[in-house]
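The values are calculated or read from the model by the stated rules, or taken from the named source; none is laboratory data. Everything numeric in this text was worked out from a predicted model, so none of it was measured.
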Amino acid sequence: RDFNGNLMLADTLCYAQQFKPKYIVTLASLSKEVKTGFNLTASGIYTQNEKLWQLLKTSSIHSGDRLWKLPMWNMFEREVKDFTSADLSILSKYFRRGISATTTALLNQFVCKPNWALIDTLGTMFEDGKTSYIKKGMSGRPTRTIVEFLGQMAYPPREMLEQSGSNEEEGS
């Protein structure tokens with residue numbers, strides 16, 4: 001298992017925060033667990049931000065690219081914090097369960113605000129040709145979801161505008 005990509009993702013998360021984005025969405029092909037669990041049917045998503053989850057979920061429903069929310073339990077964060085070696089190459093030997101969840105917990109240590117989501121695309125990045133609307137080969141999933149999400153951010157649906165307006169009134 002190559003964990004060098006995780007180090008690069010962590011560095012990218014730190015860099016991205018300098019621009020104070022509203023949300024950060026990471027796409028990565030992390031683990032066989034998500035692929036085994038969902039096969040070709042859904043990408044796993046980790047986030048602690050409920051509003052971001054709802055936006056991405058709505059985008060996935062509109063696009064047809066399924067997302068399934070996975071838990072970010074504290075036990076995975078404790079495993080990461082208790083890990084004392086600086087040698088990332090031995091992580092797979094240390095973490096016996098939940099590689100995808102543990103990797104997410106590791107990356108979450110580099111995010112200052114809970115405005116981040118990680119979408120694990122390993123199970124959906126290749127299509128076997130049995131899905132009627134996707135050609136066999138590299139699927140591009142969840143690209144349509146991300147395009148829909150960006151569209152929602154640029155041109156929020158009326159419900160979102162009304163909801164954010166009522167939240168602002170409550171806060172004042």
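Among the numbered criteria (1) of a type outside the set (Val, Ile, Thr); (2) outside any helix (DSSP H, G or I); (3) modelled with pLDDT of 70 or more, which one does Met153 miss?
Status for Met153: all satisfied but (2).
Tell me which residues, restricted to the range 46-92, are of a type in the set (Phe, Trp, Tyr) and either under 18 Å from the mean Cα position of the chain (by Cα) or at pLDDT 80 or above (or both).
Across the range 46-92, the qualifying residues are Tyr46, Trp53, Trp68, Trp73, Phe76.
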